[in-house]
Every structure is written in C-alpha cells, then in structure tokens.
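Only the coordinates and a few stated rules stand behind these numbers; no lab work does. In this text the structure is predicted, and so the values were computed from the model without any measurement. All Cβ positions, glycine included, derive from the backbone under ideal geometry; neighbour counts span all protein chains shown.
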Ligand code: DGL
C-alpha cells in the first residue's frame, strides 16, 4: 500500500522549504556596489551654453563635480560614487604638470582598498593624450575610465550624463579589470593607446580606426570583444611617482613646401626629443633632413611618425633610420608618440632602447 501524504505533512514540508530558502537568502550577502571615485578636470562635459541649442560657442569647464554627479542620480544604482575636482580647465590647456598631478592622485587612490575604480571627466580635445599617458603610468589593474562629452551639459540631448553613467558602470565592473586605461564615449569602450578624436563636433567623434574599439556598453552592462596586445599600467617600466617634470618633446608637421624653421626653433628652445609627423609613411623633405641630422648630432632624439593617422610607420622605409639613428613610431599618431617619447627619455637616451619601447607599448 503506498503512503499518501496528508495535507498537514505537505504544509509542513512547504513551510520547511520556505525557511531554507529564506535562510539561504539571509546568508548570501547582497552584492556590494563598487566604490568609484570621479576625478573631474573640466571640459565640455562640465560646459554650459547660453541656450539649449548652443552646441558650439559654449563655455567649457564651468560645472563642478558634485553638480555632475547630482545630475545623474542613476549613478547610485551602479556604484558608490565620490567626487574630487582635480582641475577645472578646457583640455587644450592640459599640460605635463597637470598630467603628473593627475597620475599621482590616481595611483594614490587606487592603492586604497576602499577604491575599486576611477572615472576621469575630461575635455575631448586632449582626452586621447591624457588617456594614453595614464595607460603608461597607472600602477594598478583596477579600472580607470576617461569620459567626456561632445555637447555641453545645457544642450538638448546632451551626451555627458549617459556617457558619465556608462563610464561609472564600466569602472565598477569586473570586466574592466586589467584592461588598461579605457575611454567610454557614445556607448562604446575604447583603448587608450589607439583611440583618437576624428571629428570636431559630432557625437561619434571618438574612433579607433582600423584597429577597432574594444566593445560596447548596453543595458547598463559592458561587453568586451577584444583587448589591446600592448603592455600597459602595471606592466610598463615607467614610474612618475618621483618626477616633478617631463622632458620637453615637440612635434613638427610635414607638408608641401615645409622648411626647417619650426624644427630649429624647438631645438634651440631645448627640446630633448622631436616627433616628426611626416607626410605619407613619415617621409622627410630634403629641406628638413639636414636640420634633423644636426638635431640628432646634438643628442636630440628623433622619432619618425606620420600625419596620416593609420598604419605602421616602417623602419628604414622612407628614411635610412639605422644610418640616421632615428626611431619610428610604429602605429602611434604624433601626439601619442610624443607621450611615449617623453616617458622613454625619463628612463634612457638610447635610441635602440627607445625603439624597443615603441614596439612594446
Ligand atoms: N575646449 C574643449 C575641451 O575642453 C571642448 C571640447 C570638449 O571637451 O568636448 O577639450
């Protein structure tokens, strides 16, 4: 004869199951929200215009970090957010001293156990440069995410709030750990080394042409599809903790009819390195080559880059780099090659060692 459970025993079993489920729920601690610090530096994301349709001709760097945070209450759903106003500048005014101050603050914060990630709000004009500088000198695997906006905070459909929300959730994510310094703009995740601003004003200005962005942010989640193969953050040989200045490195631009005047002026002013952003594959005009040779003879480190923006700058291609003792920029654009050369010169004056660095970072 089979035993039929009574109504009472079924109710007892159901009650026990509810108890077990409740106890399990009580034991499982709620997922802790990450602690993300927002370091504000200014830019359009902090900008204001005279009207809601003012998308050019506005004033950058007027809104403080607490107001930026207050404008996006949804941030509290994805992280515990705190804010610091490190600078309040339009980013065309960013300089080496700003970079050293920012990098040192980032490294101090990331060494704290109560900081899980950092977001840096920044003007878009030099955002790619600050991002790459930090990519080379941040000494942590914790996420560091730069974010800006193409429209001021007062504009119709301002992109700053959603860009800031995406940047904070990315900085709070496990997926972003160990990926190097990232940029979150226009729902996309991009790597500091290869991202560049490709348009003066449109929302999709930030691209990683040819080498490709890393992924997307969608539905409050990051989705990575690739990551950089170049060394960054804790895997670099650069340390700015004891630095109070960076070596002077300047950029000369190649174009039809170019002469050596700008190059000679930079060298006379004490440049320790020159990035030559040449036409095509970094070609050197006959009118400029003697001045480059003279600069090298004075100990100035010369890096051949290209004004083109994409592609590999081939060693011994358009110039006899071995014979001239020049370095080539690989795929770095001129403004990023300048950053790597400045940091390289804090470690060595050897052109061979510096060429290794351009093939490593
Ligand atoms: N002055 C520019 C800057 O601060 C405005 C551009 C922007 O932030 O989007 O970079």
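Data for the structure
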quantity: Percentage relative contact order, the range 238-361, counting C-alpha pairs under 8 Å, at least six apart; calculated: 26 percent
quantity: Gaussian network model of the chain, springs between alpha carbon atoms under 10 Å - residue of 38, 120, 251 with greatest fluctuation; calculated: 251
quantity: Kirkwood Rh, angstrom, the range 208-361 [1 / mean 1/r, Cα pairs]; calculated: 16.5 Å
quantity: Estimated inter-spin distance, residue 97 and residue 211, nm [label 7 Å along Cα→Cβ]; calculated: 3.1 nm
quantity: Crossing angle, helix 96-110 versus the chain [Cα axis fit, 0-90 degrees, rounded to tens]; calculated: 30 degrees
quantity: Kirkwood Rh in Å, taken over all unlike Cα pairs in the chain; calculated: 22.3 Å
quantity: FRET efficiency, residue 77 to residue 242 (Cβ-Cβ, R0 51 Å, nearest 0.05); calculated: 0.80
quantity: Expected-Rg normalisation [2.2 N^0.38 Å, Cα atoms] applied to the range 265-345; calculated: 0.99
quantity: DSSP-defined antiparallel bridges as percent of all bridges, the chain, nearest 5; calculated: 35 percent
quantity: Relative contact order (percent, whole number), the range 76-133, Cα cutoff 8 Å, 6+ residue spacing; calculated: 45 percent
quantity: The range 85-196 - Rg (one decimal) and Dmax (whole number), Cα, Å; calculated: 13.2, 39
quantity: Tensor-based shape of the range 181-296 (alpha-carbon gyration tensor, a/c under 1.5 rounded, otherwise prolate or oblate); calculated: prolate
quantity: For the range 196-251, diffusion coefficient by Stokes-Einstein and Kirkwood Rh (Cα), 4 °C, 1.567 mPa s, µm²/s; calculated: 85 µm²/s
quantity: Gain on full stretching of the segment that runs from residue 269 to residue 85 - 0.36 nm per residue minus C-alpha separation; calculated: 62.9 nm
quantity: Relative exposure of 225, 361, 132, judged by other C-beta atoms within 10 Å (fewest first); calculated: 225, 361, 132
quantity: Calculated FRET value between residue 66 and residue 310, using beta carbons and R₀ = 41 Å, to 0.05; calculated: 0.55
quantity: Length added when fully stretched, residue 262-residue 48, from 0.36 nm per residue minus Cα-Cα; calculated: 73.4 nm
quantity: FRET efficiency, residue 108 to residue 218 (Cβ-Cβ, R0 30 Å, nearest 0.05); calculated: 0.35
quantity: Percentage relative contact order, the range 220-294, counting C-alpha pairs under 8 Å, at least six apart; calculated: 31 percent
quantity: Between 0 and 90°, nearest 10: helix 127-137 axis offset from the chain longest Cα axis; calculated: 80 degrees
quantity: Reduced Cα scattering model of the range 100-166, Debye log10 I(q)/I(0), q = 0.13, 0.20 Å⁻¹; calculated: -0.40, -0.83
